[in-house]
Amino acid sequence: MARPPRPTRAASATRAASPSRAATPSVPAGRRRLRRALSLPALAAAATLALTACVPQQPAGTNPPDKTDVTTAPIGDKTIVEGGDLVMALSAEPDALDPTTSSSLYTRYVMETVCQKLYDIDAEGDLVPLLATELPTLSDGGLTVDIPVRTDAVFADGTPLDAEAVVTTLRRHLDKPDSSRASELGPVTGVEALDDDTVRLTYERPFAPLTAALADRAGMIMSPTALEAEGDDFGDAPVCVGPFKFVDRVPQTSISVERDPLYYDAEDVHLDTITYRIITDASIRAANVRAGDVQVADSMSTMDVDSLMADDGLTVLQVGSFGYQGLTVNIGNQDGVGTDPVQIDTPLASDVRIRQALAMSIDRDSLVQSVFGGWNDTACSPIPPSSPFVTPASEACPAYDPEGAKRLLDEAGVTTPYEIEMQVSNNADTLRLAQALQAQVADGGFRLSITPVEYSTLLDVQSRGDFDALQLGWSGRVDPNGNMVNFLRTGGGNNYSGYSNPRVDELLADAAASIDVDERAALYGEAVTQVQEDEPLIYLYRTRSLTALTNEVAGVSTYADGVVRLSDAAFVEGE
C-alpha cells in the first residue's frame, strides 16, 4: 500500500550520520618520498580499521539477482501533490559545488537540480540538448564546432543566458589552474560567441567526444555575474540555470535547494524544496527510507537491496554503470594531480612486475560474488560492455594466477609478503571489498593493510598523491574518452596515479580525433592492453546503481551515468 504524501520537511537530525572528517593517514616509513606524521584523526581511522574485522560478507545466494534495468519511477497517471520538501539521503558528502573543479559523483546529484548542462543523456544513454537547442554542427573537417544556445533562460540571479555566458564558463574550464575540465574539452584553440545564441569552438584537431563532455560538468553553465563576484568561491553558493537554486550548505550534514521562479520551465517543477542529507551508513539510509523519514536514498547496499525490493511501500531503481571501481597505484603523483609526474622510488611504483603480480592476485569474479552477491559486475577496463566502443581487447582480463604472481615477486627480488597500504572509503560495502581483497592478494604474496578514510577526505588524498594504493571509482561517462583521458593521459586532470606512457597518450589522442566508431574502439582497445601491462589502475568491478524511494514520490530517475535525477520529482497521492 502506498503511503500518504508527506510534503513537509521530514526526519530528525539525529538519524543523519555526521561523521567527523578523518585526516589523511601517514604512509609507512621509507616507502614514499612524501611522509606525514600520524595524526590523532588517523589514529581514529586505525581504530575504525580494527572494527572492520566484524564487517560481514555478503552471503552467497542460490539464485542470481534479477538485474533488469529500472531507470525511472514514472509519474504517469498518478495525481501530483504540488509543493513539499523532498529529502534525499546522500551516501557521501559532495565536494565543492563548482563544475570546474569538482570530482565527486555526489556533487553531480546536487548540481543536476541547480546547474543545467548544454547536453544530457536520456535513459537509453543517447545525447539530448538541454541548454543547447540542437546537437553541435561540425565544419572545416571537424575543426570548427557551432553550438546553438537557448535564449529563453536566465540564471537564478537574473542574468540572461546567452552565448557569451557559455563562453565565460568554457574559458574558465580551460584556464583555471586547478580545473578538472580542461582536458575533457580536448585540444581547443578558440572559444567565441558568434551572436547571442551561437557558440563556436575551434580545434587543433577534430575532437569527437565534445558533445558527451558537455553532457556532464564541462557543460554546466555558470552565471557570469556570480563568477565575477565570487571567483574561486563560486562553489560556496553556485548560481546557474536550473529548476532549483542553491539555498545553503551545512558541512557534513545537508545541502538545501529551493524552486527557482525564474526557471524557464518553472510551471513543470513540482517540489518547493529539496534537502540533501548526508547519511553515510547504508543501513541507516535503508532504515530512513523504510520509515519515510527520507523519500529517496542512493547507493543502497547489496546487503539490503533484496529486502527493500520486497517492501511494497518502496520502489528500487537499478541500472548498470558506465563507470568502474578500481585500485589506483601511485606511480608518480608526488606533487598533486595534474602536475608533471615524478617517479616514486618504491618497488610498487617503480617495478611494473609488482603491479602485474598484484593484478594477477585478484579473482574478480569471486570478489563480486562474495562481496556483492552478484549484484555488481566484474570490470577489467574503463569501457563498459554496453558501449559501442567495446572490443575483445577492452573486455580481456588479466589472468587470476597467484602462483604466477609469487614468481614475479621473486623475480623482482622483493621481500614477501610484500606490504602495501591501501586507503579506502570508510563505508561498510567498501570495507567488505577491502577485506576480501586483503585475503585474496595474500595468496599472491602480498600483505595488504587497510586504512579507512572518510570519502571527501579520500578525494583530497588522491588529488595530493598521498597514498601508495587507493580504492575509489568513477561513475562513468557515455563516451570512453571521459573514462580514460583524464585518468590515463600524462598530466590529465584526474590522473591520480601520476601515470605517463607516450604510447597511451598517442592512442587516446588518435581515438578522440576520429569520428569512426570502429577505429576509435580499436584504438581504445589497444590503449587498454597497454594500461593492463603497466597497471597504474587495476580495474575491479562495476557497480549497479541502486536507488530506493518511497512510493509517495515519483518522477525520480537514475541513468547509467550514476546521477540520481530529482528535477522532475513530485509527491503523488497514494495508489
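The table that follows gives values for the structure above.
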quantity	calculated
Residue ID - nearest to Phe322 (Cα to Cα), chosen from residues in region 388-407 that are assigned to a helix (DSSP H, G or I) and open to solvent by 30 Å² or more (accessible area, probe 1.4 Å)	Glu395
Candidate set: region 411-432, residues that are assigned to a helix (DSSP H, G or I) and either aromatic (Phe, Trp, Tyr) or over 21 Å from Asp401 (Cβ atoms) (or both); chosen: the one farthest from the chain's Cα centre (by Cα)	Arg432
Tally of residues being open to solvent by 10 Å² or more (accessible area, probe 1.4 Å) and more than 15 Å from Thr280 (Cβ to Cβ) across region 86-107	3
Residue within region 129-140 that is of a type in the set (Gly, Ala, Ser) and either touching a His at 6+ places or on another chain (Cβ under 8 Å) or at pLDDT below 95 (or both) present	no
Hits in region 414-426 - residues which are open to solvent by 50 Å² or more (accessible area, probe 1.4 Å) and in contact (Cβ under 8 Å) with a residue 60 or more places away in the chain	Glu419, Asn426
Residues satisfying the stated conditions in region 198-207, i.e. touching a helix residue (DSSP H, G or I) at 6+ places or on another chain (Cβ under 6 Å) and either in a loop (DSSP other than H, G, I, E, B) or surrounded by fewer than 19 Cβ atoms within 10 Å (Cβ to Cβ) (or both)	Thr198, Arg205, Pro206, Phe207
Extreme residue, nearest to Ile279 (Cα to Cα), among residues of region 443-467 that are open to solvent by less than 10 Å² (accessible area, probe 1.4 Å) and acidic (Asp, Glu)	Glu454
Gln295 under 19 Å from Ser545 (Cβ atoms), polar (S, T, N, Q), crowded, with 23+ Cβ neighbours inside 10 Å and modelled with pLDDT of 95 or more	yes
Count of region 219-258 residues which are surrounded by 16 or more Cβ atoms within 10 Å (Cβ to Cβ), outside any loop (DSSP other than H, G, I, E, B) and among the aliphatic types (A, V, I, L, M)	6
Identity of the residue in region 176-190, touching a helix residue (DSSP H, G or I) at 6+ places or on another chain (Cβ under 7 Å) and not in a loop (DSSP other than H, G, I, E, B), that ends up surrounded by the fewest Cβ atoms within 10 Å (Cβ to Cβ)	Val188
Residue that is nearest to Phe246 (Cα to Cα), among those in region 115-157 that are of a type in the set (D, E, K, R) and part of a loop (DSSP other than H, G, I, E, B)	Asp157
Matching residues, region 158-175, being open to solvent by 30 Å² or more (accessible area, probe 1.4 Å) and not in a strand (DSSP E or B)	Gly158, Asp162, Glu164, Thr168, Arg171, Arg172, Leu174, Asp175
Residue within region 90-102 that is assigned to a helix (DSSP H, G or I) and charged (D, E, K, R) present	no
Single residue of region 68-94 satisfying the filter (in contact (Cβ under 8 Å) with a residue 60 or more places away in the chain and acidic (Asp, Glu)) that is nearest to Val257 (Cα to Cα)	Asp85
Any hit, region 261-268, residues being buried (at least 21 other Cβ atoms within 10 Å of the Cβ) and aliphatic (A, V, I, L, M)	no
Matching helices (runs of 4 or more DSSP H) fully within region 469-575 where at least 3 residues are at pLDDT 95 or above and open to solvent by 10 Å² or more (accessible area, probe 1.4 Å)	502-513, 517-534
Matching residues in region 259-271 - criterion: being part of a loop (DSSP other than H, G, I, E, B), of a type outside the set (Phe, Trp, Tyr) and farther than 13 Å from Gly84 by Cβ	Asp260, Pro261, Leu262, Asp265
Filter result for the condition that a residue is modelled with pLDDT under 95 and among the aliphatic types (A, V, I, L, M), over Ala282, Ala237, Ala287	Ala282
Residue list for region 76-85, filter: of a type outside the set (A, V, I, L, M) and either surrounded by fewer than 21 Cβ atoms within 10 Å (Cβ to Cβ) or assigned to a strand (DSSP E or B) (or both)	Gly76, Asp77, Lys78, Thr79, Glu82, Gly83, Asp85
Some residue of region 210-218 being over 25 Å from Asp340 (Cα atoms), out of contact with any Ser or Thr (no Cβ under 9 Å at 6 or more places or on another chain), assigned to a helix (DSSP H, G or I) and of a type outside the set (A, V, I, L, M, F, W, C)	yes
Per-region count, region 378-387, residues farther than 17 Å from Leu327 by Cβ and open to solvent by less than 70 Å² (accessible area, probe 1.4 Å)	3
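The values are calculated or read from the model by the stated rules, or taken from the named source; none is laboratory data. What you see is a predicted model, and the numbers here were worked out from it, not measured in a lab. Virtual Cβ from ideal backbone geometry, glycine too; neighbours counted across all protein chains shown. When the accessible area is computed, the model is the full protein with side chains, heavy atoms only, and any ligands, DNA or RNA have been set aside. Shrake-Rupley method; radii C 1.70, N 1.55, O 1.52, S 1.80 Å.
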